[in-house]
Amino acid sequence: MKLDIVTIFPDYFAPLDVSLLGKARQRGDVDAHVHDLRGWAHDRHRTVDDTPYGGGPGMVMKPEPWGEALDAIVPPGSSARLVVPTPSGRPFTQELAGAYAAEPWLVFACGRYEGIDARVIEDARSRMPVDEVSIGDYVLAGGESAVLVMVEAVTRLLPGVLGNAGSAADDSFAPGRMEALLEGPVYTKPPDWRGRPVPPVLMSGNHGAIARWRRDEALRRTAAIRPELIARNALDDADRRTLSE
Ligand SMILES: OB(O)c1ccc2cc[nH]c2c1
């Protein structure tokens, strides 16, 4: 997968060089490049913002630097998808992360201030698919944190990145597994810690009982924290018995 990120804070993306994603980059599984938008701002102060037409607070990101940056990064006829984080975008979900993991090339545009001049998105849509995406119902100071979240959620789904491909398939919200159940508790050594034992079933070696226990814990946690997700799962009689306890 090819990733390009355009930002006025390139140092924000130092985390892309660590952990599993850093290894994926070293292996060549992910070809990621971070670009400083100010490289396409040609005045002495490398200005990327200006006052909003119509008045109002704050500043808006100018279209010219963005237009030049996207022209330089995405040649005409390329297969890139532009992803623009914004509080007013479509929700970023595990399903969307999976769709993005199948894309050959993602370009992320990190807005700041009050956002990017709307004509940048319009112009980009004339030559590539563009998604405006929100990572949640809260407002950040810019798109960089949202891009870090999305890049991690997407690249961990790429073959070989996690190192244990099965663990992505076991995620909460992973399609096809428990569909939309929250993951239950996990445990490791020691068997007793501060007088708190590991649930004995997990050390029983009875894989059927372990699977049942894990599903029951996921059902209980989902019913308690995200009851609206229960209806998105195919429940059997055993599940219904657990939920009726
Ligand atoms: O909350 B967000 O996802 C987000 C994304 C982009 C910008 C640009 C300025 N504020 C932003 C907030």
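The values are calculated or read from the model by the stated rules, or taken from the named source; none is laboratory data. Just so it is clear, the structure is predicted and the values come from calculations on it, not from any experiment. In this analysis, Cβ positions are derived from the backbone assuming ideal geometry, glycine residues included, and neighbour counts consider all displayed protein chains.
The set of residues in the range 1-31 being free of Cβ contacts under 8 Å to residues at least 60 places away in the same chain and in a strand (DSSP E or B) consists of Asp31 alone.
Within the range 175-194, the set of residues being modelled with pLDDT under 95 and closer than 18 Å to Asp239 by Cβ comprises Gly176, Arg177, Met178, Glu179, Ala180. Residues being buried (at least 18 other Cβ atoms within 10 Å of the Cβ), modelled with pLDDT under 95 and of a type outside the set (Gly, Ala, Ser) are represented in the range 28-44 by at least one member.
Among the residues examined, Glu95 qualifies as more than 15 Å from the ligand (Cβ to nearest atom), under 23 Å from the mean Cα position of the chain (by Cα) and charged (D, E, K, R). For the range 227-245, a tally of residues being among the acidic types (Asp, Glu) and not in a helix (DSSP H, G or I) returns 2. Do we have any residue at all in the range 42-61 that's within 16 Å of the ligand (Cβ to nearest atom), small (Gly, Ala, Ser) and closer than 22 Å to Ser145 by Cα? Within the range 42-61, one or more residues are within 16 Å of the ligand (Cβ to nearest atom), small (Gly, Ala, Ser) and closer than 22 Å to Ser145 by Cα. Only residues that are surrounded by fewer than 12 Cβ atoms within 10 Å (Cβ to Cβ) and in a loop (DSSP other than H, G, I, E, B) were counted in the range 205-218, giving 1. Looking for whichever is of a type outside the set (D, E, K, R), at pLDDT 95 or above and within 16 Å of the ligand (Cβ to nearest atom) here; the options are Val149, Val198. Which one fits? The conditions single out Val149.
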